[in-house]
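Just below is one structure, and these are the notes that go with it.
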Amino acid sequence: MDGTRGVAIRLERVGKTYADGTIAVQDLDLAVEPGELVALVGPSGCGKSTTLRMVNRLIEPTTGRIFLGDKDITQTDPVKARRDMGYVIQQVGLFPHQTVRRNTATVPRLLGWDKARTASRVDEMLLLVGLDPDTYGDRYPHELSGGQRQRVGVARALAADPPVLLMDEPFGAVDPIARDRLQAQFRDIQAELDKTVLFVTHDIDEAVRLADRIAVFSVGGRLEQFADPATVLGAPANEFVADFVGADRGLRRLAVTPIEPTDLEHPPTVRPDQPLAEARAAIEHAPEPYAVVVDAAGRLRGWVGLRETTGSGTVGDRLRRFDETADVGDTLRRALAEIVQHDAGWLPVVDGERYLGVLTPTSVHAALRRTVPQRYGATEGAGAH
């Protein structure tokens, strides 16, 4: 899908102090790359939503400058600045007496788009978020589920093709099943559209699942760490970040750590045309009582255990198919889930049809250990305080 790609967002020593002396954000330096999805996380009152609203000029910063691309938007008209930004909030904010089509068309109408262009764009955006315009276009918000209303909110924010998308707890008000679907769908949409996204959430699991990088804030708008999810979970910058992401951050790291060839173990391999006696000899000298069956081209065909290698015949006569495999690059979380679900001690990993090795609970643990360079301090950057 063609469209406007994301632009960089840069905050330079941005601060917000209210009239009563309350500091919401202080000296915030943050640089977001074009097309990047950055999640802002932290406890209540840490300034993450205030930061988003300053970018959108709903709140004026006390100090500092904010750039979209090379434009300092603190020096431009707020209404004009917002035309380059889509905004999605938890409460959605759909107009109750307007249809889905009319709601989605809000910004294009304000920008003076003609009816044909607006109608085409509305249909395109509704299809993008998984809502058939012929089915849902003429419905009203009260006729939709919470998840469907949230999808309309995303469609509306994207309708005028802004380079930047600001999202404040967008999926927080929907049920967990719908939330999982919305998260997965939004990540697919972002991969296709390549917008620059600032995403506020209180849920570290949501941030880990969606973000390219995570900015962890403490109270007073202090940026404690700004790094990719694996680094935030595996090498928190300090005790505050470690406490915030939780003692179970090792489990969360499963979701962001990919399977790499170096993580794999290599049991004996045999070919389907080999005699059972040869397979038995190979297995008897192996740590575990099985061998993986691959053909001459290295393609995975199944496995054979020690008990199946008695008697005469070939491996192909006795081999067993796998219930499941994993692809190199899949997450450790997905692989471990398959191992547990099938009550297996190992899971074969492939690259296309080519067999690479097997993953075991022991190798999953070793893979997690390689992502932890040290307890604290191995960070991409903790920001300016």
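Which residue pairs have Cβ atoms under 6 Å apart, sit 6 or more places apart or on different chains, and have a first residue in segment 277-302 that is of a type in the set (Gly, Ala, Ser) and a second that is surrounded by fewer than 15 Cβ atoms within 10 Å (Cβ to Cβ) and in a strand (DSSP E or B)?
Here the result reads Gly298/Arg354; Gly302/Arg320, each pair linking segment 277-302 to a residue that is surrounded by fewer than 15 Cβ atoms within 10 Å (Cβ to Cβ) and in a strand (DSSP E or B).
Residues being in contact (Cβ under 8 Å) with a residue 40 or more places away in the chain and among the acidic types (Asp, Glu): count how many of those fall in segment 325-350. Explain how you work it out, then say what you get.
From segment 325-350, those in contact (Cβ under 8 Å) with a residue 40 or more places away in the chain are 326-333, 335-336, 345-346, 348-350; that's our starting set.
Going one step further and asking which of them are among the acidic types (Asp, Glu), we end up with 327, 330.
Of the residues in that region, 2 qualify.
If you check Pro272 against the conditions, is it over 38 Å from the mean Cα position of the chain (by Cα), in contact (Cβ under 8 Å) with a residue 24 or more places away in the chain and in a loop (DSSP other than H, G, I, E, B)?
So Pro272 fits the description; yes.
List pairs: first residue in segment 64-75 and in the same structural domain as Thr51 (by TED's automatic domain parsing) and over 13 Å from Val164 (Cα atoms), second residue assigned to a strand (DSSP E or B) and basic (Lys, Arg) anywhere in the structure, Cβ distance under 7 angstrom, at least six positions apart or on different chains.
Gly64/Arg13; Asp72/Arg65; Thr74/Arg65
Checking Glu260 against (1) closer than 27 Å to Pro361 by Cβ; (2) touching a residue at least 40 places away in the same chain (Cβ under 8 Å); (3) touching a helix residue (DSSP H, G or I) at 6+ places or on another chain (Cβ under 9 Å); (4) crowded, with 17+ Cβ neighbours inside 10 Å: exactly one of these is not met. Which one?
(4)
Identify, by number, the condition in (1) more than 30 Å from Ala235 (Cβ to Cβ); (2) β-branched (Val, Ile, Thr); (3) modelled with pLDDT under 85 that Thr379 doesn't meet.
With respect to (1) more than 30 Å from Ala235 (Cβ to Cβ); (2) β-branched (Val, Ile, Thr); (3) modelled with pLDDT under 85, Thr379 is out only on (1).
Six or more apart or on different chains, Cβ atoms under 6 Å: show the pairs whose first residue is in segment 86-106 and assigned by TED's automatic domain parsing to the domain that holds Val152 and more than 15 Å from Ser49 (Cα to Cα) and whose second is among the hydrophobic types (A, V, I, L, M, F, W, C) and surrounded by fewer than 18 Cβ atoms within 10 Å (Cβ to Cβ).
Close Cβ pairs satisfying both conditions: Asn103/Phe95.
Which one of these is surrounded by fewer than 16 Cβ atoms within 10 Å (Cβ to Cβ) and either over 19 Å from Thr362 (Cα atoms) or in the same structural domain as Val349 (by TED's automatic domain parsing) (or both): Thr314, Thr310?
Details: Thr314 fails: surrounded by fewer than 16 Cβ atoms within 10 Å (Cβ to Cβ).
Step by step, each of Thr314, Thr310 is checked, and only Thr310 is surrounded by fewer than 16 Cβ atoms within 10 Å (Cβ to Cβ) and either over 19 Å from Thr362 (Cα atoms) or in the same structural domain as Val349 (by TED's automatic domain parsing) (or both).
Checking Phe244 against (1) out of contact with any Leu (no Cβ under 6 Å at 6 or more places or on another chain); (2) more than 25 Å from Arg334 (Cα to Cα); (3) of a type outside the set (Ser, Thr, Tyr); (4) assigned to a helix (DSSP H, G or I), which single condition isn't satisfied?
Going through the list (1) out of contact with any Leu (no Cβ under 6 Å at 6 or more places or on another chain); (2) more than 25 Å from Arg334 (Cα to Cα); (3) of a type outside the set (Ser, Thr, Tyr); (4) assigned to a helix (DSSP H, G or I), Phe244 breaks only (2).
Just the residues that are surrounded by fewer than 20 Cβ atoms within 10 Å (Cβ to Cβ), outside any helix (DSSP H, G or I) and of a type outside the set (D, E, K, R), please, taken from segment 193-235.
Residues satisfying the conditions are His202, Ser218, Val219, Gly220.
Scan segment 125-158 residue by residue and report those that are without any contact (Cβ under 8 Å) to a residue 12 or more places away in the chain and either within 28 Å of the chain's Cα centre (by Cα) or closer than 26 Å to Gly6 by Cα (or both).
From segment 125-158, those without any contact (Cβ under 8 Å) to a residue 12 or more places away in the chain are 127, 132, 134-135, 143; that's our starting set.
Listed by number, the residues that qualify are Leu127, Asp132.
The values are calculated or read from the model by the stated rules, or taken from the named source; none is laboratory data. Source: prediction; values computed, not measured. Reconstructed Cβ throughout: ideal geometry from the backbone, glycine too, with neighbour counts over all protein chains shown.
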